Amino acid sequence: MPGLEFRRILCPVDFSAASEGALRAAAVLAKQLGGTLTLLHVDVVPGSATPEGLLETPPALAADLTAPADRPLVEWKALAERLGAARVEAVRSVGQPAQEILALARRERCDLLVLGTHGRTGLGHLLLGSVAEQVVRQAPCPVLTLGSEAAAAVGR
């Protein structure tokens, strides 16, 4: 399709099954299109998701609280490489997930976002909202979302 060259693919991951399916789809796309795949994990720590940053988390505390995400992110980067994505980078951020995803997509001028959705409905959706929904509404580029059923079928 002319004008749709997906060279910079961003795939946010939260280490859930839906997010693994999205990673698998993004890795296959990166391989087929010769693109760069960026995996992003956003750590939500106390104070990082409050309106207007009312509570600021000290950098040292944020680093201590987010350290456990290092290992899975490295493992997921290796998985993307095993699936054939030639250029994979893994990035971590601290804050509100949708805002961090959108900021990185804009900053890196991503061509495509690939993300899994948890499919929350009812009270869970009302209370927690949907990161995917927020991203789709504000994304600076096309967004491919995979629900849990589709995500489970990718690359298996």
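The values are calculated or read from the model by the stated rules, or taken from the named source; none is laboratory data. What you see is a predicted model; the values in this text were computed from it and never measured. Virtual Cβ from ideal backbone geometry, glycine too; neighbours counted across all protein chains shown.
Below is a table of values for the structure above.
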| quantity | calculated |
| --- | --- |
| Verdict on Arg87 being over 26 Å from Ser130 (Cα atoms), in contact with a strand residue (DSSP E or B) (Cβ under 6 Å, 6 or more places away or on another chain) and not aliphatic (A, V, I, L, M) | yes |
| Breaking point among (1) part of a loop (DSSP other than H, G, I, E, B); (2) at pLDDT 70 or above; (3) out of contact with any Phe, Trp or Tyr (no Cβ under 9 Å at 6 or more places or on another chain), for Cys141 | (3) |
| Residues of segment 78-102 satisfying the condition of being in contact with a Gly (Cβ under 9 Å, 6 or more places away or on another chain), under 19 Å from Leu144 (Cα atoms) and not in a helix (DSSP H, G or I) | Leu83, Ala85 |
| Complete set of residues in segment 103-133 that are modelled with pLDDT of 70 or more, of a type outside the set (Lys, Arg), part of a helix (DSSP H, G or I) and surrounded by fewer than 20 Cβ atoms within 10 Å (Cβ to Cβ) | Ala103, Leu104, Glu133 |
| Close pairs (6 angstrom Cβ cut-off, 6 or more residues apart or separate chains): touching a residue at least 40 places away in the same chain (Cβ under 8 Å) in segment 21-45, in a strand (DSSP E or B) and of a type in the set (Gly, Ala, Ser) anywhere | Gly21/Gly116; Ala22/Gly116; Leu39/Ala90; Val42/Ser93 |
